[in-house]
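Below is one structure, written out as structure tokens; the observations come after it.
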Amino acid sequence: MRRVLIVMENEDALVESASDSASLQVDDETGDIDVEAYGYESTRSIASASKQAAELPANMMIDDTYPAVPIGDGKSDQGFAAVEPSESANFVVRAVVPEEIAMEGYVNGKPVYSDIDIAAFPICPGDPAHGDADDVRTLHNMAAVHARGHRGDRVAVAIMDTGISAAHLTGLGLPNSAVDRSVLWNPIEMIVRQGRAIPAGGHPAGHGTMCAFDALIAAPEARLLDYPIISQMGGAGGSSIMAGALSDALKAYSDLEAFWSVSFGPNRQNYDSLVVNNSWGVYHPDWDFAEGHPGRYIDNPDHPFNQRVASLAARNVDIVFAAGNCGSECPASKCHGVVTHSIRGANAHHDVLTLAGVDVSGGRIGYSSEGPPIPGMGADEKPDLACATHFQGSNVGGFPDSGTSAACPVAAGCVAALRSGMPQNTLASSAMFDALRQTTQEAQAGSDWNPQNGFGIVDMDAAANHLGI
Amino acid sequence: MTMCKAEHDWMLVTVKLAANAELSHAAAKLGVSMENLDPVYGLVTVDIEHHVFACRVDAAALAKALPDQDYSREFKGPFSDSRIDTF
């Protein structure tokens, strides 16, 4: 059976149905609609009262829950008077018909029109922001966790990105101490090329600053480690060109682990836990070696970078990756239309938490990469979870905080806040991620993993309760 | 000492060395001179427990030193040094 629309000529039953629906009666006190006046009353049934309906085939059912809609004579230059129910020449009526009638396209010599399902368009690149940081806190149920004192204290969040502008964060009212300036890392080639190192937090405001801001939404007392693995250079027309190499990320991870081991954590004077945010990846397979090459990155757990990720995760460092921006509805241009298996490389690593993006109402973001991930990385269910993106946040460049790039640090902040109550020496990284997967509203309702949002939207309070903090 | 990338076609490889290895040890293992390793990149720890390190070696020099590049006992690679970008 198929839902369709048909056009009928003016008759009393249709006029009455349309008139009733046009004059809804609303209770002033409760706001409730008087359903009896909404065309549902059996005495006003189109199916039983309309002569035209009586002439329709027996296996065609008029939908009496849908009032007749006056459309006048169907001409574009008709005035409003022509669609007054009593004056309207024609009415649209909804019906359910067998497939063969729908396919034939006509019933009693009159056309049958499709009545397909429609949905709101998902948010796409370039769309305006939806909501703000307060809405993000609400979506992820952060208030109760913050009230219990879990705000990221003694947790470091490494932002592996384009560098952080501490001045920009301070301008947004965040504390000057948000960036740990004692941990300095620059790509050595940059030091050699420029002859100087850029201090932690001393970078221009850009993508990395957005990630920094978003991590602090859930973990306002966490401190940020600035790892500028991707260059941010001025482009034509004021745009930014961002580019990096996997070898830089490998070196940064190696140095991060070494620093973590010997100088600033864990259980030393500064930190008990480390969360690593990665809002980057490979947009297209052509960026990598060809499929089947033993040194390929995107589907090869033996690639040195993927080995490095496994090594760090084994030490209970929580590593969070963005799923990517190659969602099927409106992929980023750099995806060049490749939207399948678009969660690749370390972003699809078994040991990391992979984040899809949703809007602050929990709705689909059309550019958020969908699962399943690229085969070969040992994980069949990526993304793992979803967090908010495309909201008014850091205001870098006047743009929304967007991409799965923003969802990723929102999640990293959630993990950091939980870690302040459950440090990494007390809980394995895999157990922390399991707690987050098992406590989404979707998971609690019994839903399985799905390709868009994984196990669902992060619920910080439910995760904290699950962990007993 | 400093060499810019344009002079070399660097290849990302991994080598297994002693625990406190230096770049010169990688050069010896790969059978190339120090000039054929990227000193800017240096020696990067991949797997600290198994003493696996990454370095960038000149592709032509390595081919000359170790003609059999098919994942020999001396090194693994070349590995992709893919471009990455922010999401």
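Against the numbered list (1) closer than 23 Å to residue A:15 by Cβ; (2) free of Cβ contacts under 8 Å to residues at least 60 places away in the same chain, residue A:86 comes up short only at (2).
Take the range A:271-296 and flag every residue that is of a type in the set (A, V, I, L, M) and either buried (at least 19 other Cβ atoms within 10 Å of the Cβ) or in contact with a Phe, Trp or Tyr (Cβ under 7 Å, 6 or more places away or on another chain) (or both). Steps first, answer last, please.
At the first step, the residues of the range A:271-296 found to be of a type in the set (A, V, I, L, M) are A:274-276, A:282, A:290.
Residues satisfying the conditions are A:274, A:275, A:276, A:282.
For residue A:401, indicate whether it is over 19 Å from residue A:319 (Cβ atoms), modelled with pLDDT of 95 or more and either within 13 Å of another protein chain (Cβ to nearest Cβ) or open to solvent by less than 10 Å² (accessible area, probe 1.4 Å) (or both). For residue A:401, the condition - over 19 Å from residue A:319 (Cβ atoms), modelled with pLDDT of 95 or more and either within 13 Å of another protein chain (Cβ to nearest Cβ) or open to solvent by less than 10 Å² (accessible area, probe 1.4 Å) (or both) - is met. Quick one: would you say residue A:152 is assigned to a loop (DSSP other than H, G, I, E, B), in the same structural domain as residue A:257 (by TED's automatic domain parsing), within 30 Å of the chain's Cα centre (by Cα) and surrounded by fewer than 19 Cβ atoms within 10 Å (Cβ to Cβ)? Criteria not met by residue A:152. Is it the case that the range A:349-365 has a residue that's open to solvent by 40 Å² or more (accessible area, probe 1.4 Å), over 12 Å from the mean Cα position of the chain (by Cα) and modelled with pLDDT of 95 or more? Taking every residue of the range A:349-365 in turn, at least one turns out to be open to solvent by 40 Å² or more (accessible area, probe 1.4 Å), over 12 Å from the mean Cα position of the chain (by Cα) and modelled with pLDDT of 95 or more. Across the range A:309-326, the number of residues qualifying as within 11 Å of chain B (Cβ to nearest Cβ), assigned to a loop (DSSP other than H, G, I, E, B) and modelled with pLDDT of 95 or more comes to 4.
Of A:295, A:363, A:357, which residue is over 23 Å from residue A:226 (Cα atoms) and more than 11 Å from chain B (Cβ to nearest Cβ)? Can you show your working first?
Numbers: A:295 fails: more than 11 Å from chain B (Cβ to nearest Cβ); A:357 fails: more than 11 Å from chain B (Cβ to nearest Cβ).
Result: A:363 is the single residue among A:295, A:363, A:357 that is over 23 Å from residue A:226 (Cα atoms) and more than 11 Å from chain B (Cβ to nearest Cβ).
Quick one: count up the residues across the range A:381-423 that are in a loop (DSSP other than H, G, I, E, B) and either in contact with a Pro (Cβ under 6 Å, 6 or more places away or on another chain) or of a type in the set (A, V, I, L, M) (or both). It would help to see each step written out before you state the result.
Initially, the range A:381-423 is screened for residues in a loop (DSSP other than H, G, I, E, B), giving A:381-384, A:389-390, A:393-395, A:399-400, A:402-403, A:420-423.
With either in contact with a Pro (Cβ under 6 Å, 6 or more places away or on another chain) or of a type in the set (A, V, I, L, M) (or both) added as a condition, the list becomes A:382, A:390, A:422.
Matching residues across the range A:381-423 total 3.
Across the range A:245-290, the qualifying residues are those that are part of a helix (DSSP H, G or I) and of a type in the set (Phe, Trp, Tyr), and the one among them that is nearest to the other protein chains (Cβ to nearest Cβ) is A:287. How many residues does the range A:158-184 contain that are away from chain B (no Cβ under 13 Å) and open to solvent by less than 20 Å² (accessible area, probe 1.4 Å)? Number of matching residues: 9.
Rundown of residues vs (1) more than 14 Å from chain A (Cβ to nearest Cβ); (2) in a loop (DSSP other than H, G, I, E, B); (3) closer than 30 Å to residue A:163 by Cβ; (4) open to solvent by 40 Å² or more (accessible area, probe 1.4 Å), yes/no style:
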{"site": "B:27", "(1), (2), (3), (4)": "yes, no, no, no"}
{"site": "B:32", "(1), (2), (3), (4)": "yes, yes, no, no"}
{"site": "B:45", "(1), (2), (3), (4)": "no, no, yes, no"}
{"site": "B:62", "(1), (2), (3), (4)": "no, no, no, no"}
{"site": "B:74", "(1), (2), (3), (4)": "yes, yes, no, yes"}
{"site": "B:78", "(1), (2), (3), (4)": "no, no, yes, no"}
{"site": "B:84", "(1), (2), (3), (4)": "no, no, yes, no"}
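Select from the range A:309-335 the residues that are of a type in the set (Ser, Thr, Tyr) and farther than 24 Å from residue A:274 by Cβ and write down the one among them that is most open to solvent (accessible area, probe 1.4 Å). Top of the filtered list is A:333. Filtering the range A:404-422 down to residues that are of a type in the set (Val, Ile, Thr) and closer than 24 Å to residue A:327 by Cα, which residue is surrounded by the most Cβ atoms within 10 Å (Cβ to Cβ)? So the residue we want is A:410. For the range A:206-237, what are the residues that are surrounded by fewer than 24 Cβ atoms within 10 Å (Cβ to Cβ), among the small types (Gly, Ala, Ser) and away from chain B (no Cβ under 14 Å)? Matches in the range A:206-237: A:234, A:236, A:237. Does residue A:306 fit the bill of being touching a residue at least 12 places away in the same chain (Cβ under 8 Å), open to solvent by 10 Å² or more (accessible area, probe 1.4 Å) and either within 11 Å of chain B (Cβ to nearest Cβ) or of a type in the set (Val, Ile, Thr) (or both)? No, not satisfied.
A residue that is in contact (Cβ under 8 Å) with a residue 12 or more places away in the chain, under 28 Å from residue A:464 (Cα atoms) and open to solvent by less than 40 Å² (accessible area, probe 1.4 Å) cannot be found anywhere in the range A:191-205. Just so you know, in the range A:234-254 the residues that are over 15 Å from residue A:161 (Cα atoms) and not aliphatic (A, V, I, L, M) include one that is modelled with the highest pLDDT, and it is A:254.
The values are calculated or read from the model by the stated rules, or taken from the named source; none is laboratory data. All figures in this text were calculated on a predicted structure; none of them were measured in a lab. FYI the Cβ positions are ideal-geometry reconstructions off the backbone, even for glycines, and counts take in every protein chain you see. These accessible areas exclude ligands, DNA and RNA; they are computed on the full protein's heavy atoms, side chains included. Shrake-Rupley method; radii C 1.70, N 1.55, O 1.52, S 1.80 Å.
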